[in-house]
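What follows is calculated from the coordinates using simple rules that are stated; it is not laboratory data. This one's a predicted model, so the numbers in the text were calculated from it and none came from an experiment. All Cβ positions, even for glycine, are placed from backbone atoms using ideal geometry, and neighbour counts span all protein chains on display.
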Amino acid sequence: MGAALEIRNLHVSVEGQPILRGVNLTVQQGEVHALMGPNGSGKSTLANTLMGHPAYEITAGQLIFDGVDLLELETDERSRLGLFMAFQYPVAIPGVTVANFLRNAINARRRAENPEDKGIPIPAFRKLMTEKMDMIQMDHSFAGRYLNEGFSGGEKKRAEILQMAVLEPRIAVMDETDSGLDIDALRIVAEGVGRLSGPDLGVLVITHYQRILNYIQPQFVHIMLEGQIVESGGPELALHLEEHGYDWLREKQNGTGEA
Ligand code: ADP
Ligand code: MG
């Protein structure tokens, strides 16, 4: 049995306002889950909370990763355990290339494990990075780009997928770009996840795009409405959403629809 990310009865407030109201979700290594829901339903709040963003206050519930209580851990410690969070608010870092950024990320992890570590030798790093770029069919020139400087939504996702390929997390959480619906970005995430997924990787893809199945094949689909997961199922749930939208769920929630 591999590692699991377990979200148990999670309640989160932002600026004193309750946003998540009892979320339960488990992602195992080897599984691909999609979390869907309309804008404002709390999807990014969940992603930010998983990352340990200080603005998101956990008022109840538990976050467990591989049996370890995540609430006790800082963001970088969570990442060292093998929980990957795509950069939610990608900032341009002047003068830092994608390659530099990735090498720093690897070295930070190595030093956390061994304070004496001298860092990954450059030839070894180059080899690792080109292997991973080939694996996800990425042009090598991408490594020399300045991180997020003038990146499109799709290029930000490309950088995230490369980061994920290099860091080899056990569970990855990919939130949609903050620019909202960006089909190019979703396609890039889908291709990357398709190439990287396997028994050692669990993925939670977060999107409000209802035609997600055209891009990605999750085994599990969950729908969030007003801070709660109100429905879980297989890919057929995404198909149903594509056809019927979210209204049937709202009606079901309000008890006005058919049971
Ligand atoms: P989604 O990602 O599903 O579109 P969000 O989690 O971004 O939804 O937002 C859910 C609710 O939480 C919204 O009402 C939003 O305004 C609020 N919210 C989320 N993050 C913040 C924040 N940092 N500051 C204030 N309100 C926030
Ligand atoms: Mg969001």
Contour minus Cα-Cα span, residue 137 to residue 117, at 0.36 nm per residue, comes to 4.1 nm
Projected onto the charge dipole of the chain (unit charges on the beta-carbon of Lys, Arg, Asp and Glu, signs +1, +1, -1, -1), the Cα from 123, 35, 18 with the largest positive-side position is that of 123
Here FRET efficiency (C-beta to C-beta, residue 130 to residue 66, R₀ 25 Å, nearest 0.05) is 0.25
Within the under-15-Å Cβ sphere about residue 202, not counting residue 202, Lys/Arg +1 and Asp/Glu -1 give a net charge of -3
Cα-only Rg/Rh for the stretch 1-142 with Kirkwood Rh rounds to 1.01
Taking a ≥ b ≥ c as the square roots of the Cα gyration tensor eigenvalues, with a/c under 1.5 meaning rounded and otherwise prolate when a/b beats b/c or oblate if not, the stretch 144-207 comes out oblate
Listed with the fewest Cβ neighbours within 10 Å leading, 135, 51 appear as 135, 51
Per the C-alpha gyration tensor (a ≥ b ≥ c, the square roots of its eigenvalues), the stretch 72-219 is rounded if a/c is under 1.5, else prolate if a/b beats b/c, else oblate; here it's prolate
Residue-normalised 222 nm signal for the chain, counting each DSSP H run of n ≥ 4 as -39,500 (n - 2.57), nearest 500 deg cm²/dmol, is -11000 deg cm²/dmol
Under a Gaussian network model of the chain whose springs join Cα atoms within less than 10 Å, the largest fluctuation of 153, 67, 198 belongs to 67
As straight-line cross-link partners of residue 118, the qualifying lysines (C-alpha separation under 19 Å, not fewer than 8 residues apart within one chain) are 127
Length gained if residue 15 through residue 247 is fully extended, taking 0.36 nm per residue and subtracting the Cα-Cα distance, is 80.7 nm
With +1 at each Lys and Arg Cβ and -1 at each Asp and Glu Cβ, the charge dipole magnitude of the chain around its Cα centre, to the nearest 20 debye, comes out at 740
Length gained if residue 97 through residue 77 is fully extended, taking 0.36 nm per residue and subtracting the Cα-Cα distance, is 4.8 nm
quick shape note, the chain: Cα extents on principal axes in Å, largest first -> 63, 37, 37
Here the percent of antiparallel bridges among DSSP beta bridges lying wholly in the stretch 4-254, to the nearest 5, is 60
Rounded to the nearest 5, the percent of antiparallel DSSP beta bridges in the stretch 172-257 equals 60
Quarter of the surface of the C-alpha convex hull for the stretch 136-259, i.e. direction-averaged projected area in nm², equals 8.7
